[in-house]
1. Which is out of contact with any His (no Cβ under 8 Å at 6 or more places or on another chain), of a type outside the set (D, E, K, R) and within 16 Å of ligand 1 (Cβ to nearest atom), of Leu68, Leu109?
2. For the structure I just gave you, tell me whether Val209 is among the β-branched types (Val, Ile, Thr), more than 26 Å from Asn114 (Cβ to Cβ) and touching a residue at least 12 places away in the same chain (Cβ under 8 Å).
3. For Leu68, which of the numbered conditions (1) more than 16 Å from ligand 2 (Cβ to nearest atom); (2) part of a helix (DSSP H, G or I) fails to hold?
4. Taking helices (runs of 4 or more DSSP H) that do not extend beyond the range 93-182, which have at least 2 residues that are touching a residue at least 60 places away in the same chain (Cβ under 8 Å), under 12 Å from the mean Cα position of the chain (by Cα) and within 16 Å of ligand 2 (Cβ to nearest atom)?
Amino acid sequence: MIKNYFQTKLTIKYLYSVLNSQKALNSLMFQLAEVEEGESGGGENLFDKAINYVKDPALKKMIEIHKLDEERHAKELKSLIRGDYYYDLEDRKDLSYLYLIEKRFFESLTNIRNDIDLLKFFSILKVLEERAIENYQLYLRTGFKKKDFIYLFQNIIKDEKKHLRFCDKVISSISSVNLSKKERIYLSYKEMEEEIFYQITIGMMQFHVDKNIFPNKSERLFWQLIKFSLSQGNFKKYSNIA
Ligand SMILES: [Fe+2]
Ligand SMILES: [Fe+2]
């Protein structure tokens, strides 16, 4: 509990620096937009396949709205990028959330042909929605002042909460799979996502220390110490970080 409290505080402090460095902020917006665009499963548009697969018109409509919202989020996040400078992370696949999610979750799920595929897709989306809500809420908690970002993050949170309800509706509409199996599938994705997220967060912290995004000497020293501590294997399991 206490450890979590400090980890959350530390994460908020770190994010405050990220959000206040234009270069780091641009990179973050790129990454977030990439995730919003890629949620449908990298090229294979699983949203479209889910729309074709489900029979109920109300469910079809919900999935269509969900897809359009994610595409809009990507555009809105990109519209907040200022200038053309950002950290190029192209050669750092280990720091790409989308790349790792696609590899772990979507490589074996490229079509929706039965109820299990549909259940898997919406369980993955549910996990991603939960992460998005937690993440955007943390950005807001930093006390960061840029109004256009705050406004967008608040609106995205509202949409992601709606998407979470949509996911639950699709999942509960699948009557051919029992509750405990549904729970097992969801939890296995949840666990994998937490691991990926932990890896990326630690990696990004180190990346930002190396890139010196922190404004003054004492800040840099502080983050050097954190980096050292991380490299010693401390903070093993974050549960509440961005
Ligand atoms: Fe979204
Ligand atoms: Fe969403």
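1. Details: Leu109 fails: within 16 Å of ligand 1 (Cβ to nearest atom).
The match here is Leu68.
2. Working: among the β-branched types (Val, Ile, Thr): yes; more than 26 Å from Asn114 (Cβ to Cβ): yes; touching a residue at least 12 places away in the same chain (Cβ under 8 Å): yes.
So Val209 fits the description; yes.
3. (1)
4. 97-101, 115-141
Each value in this text was obtained by applying a stated rule to the coordinates, not by laboratory testing. In this text, all values refer to a predicted model and were calculated from it rather than measured experimentally. Cβ atoms come from the backbone with ideal geometry, glycine included; neighbour counts cover every protein chain shown.
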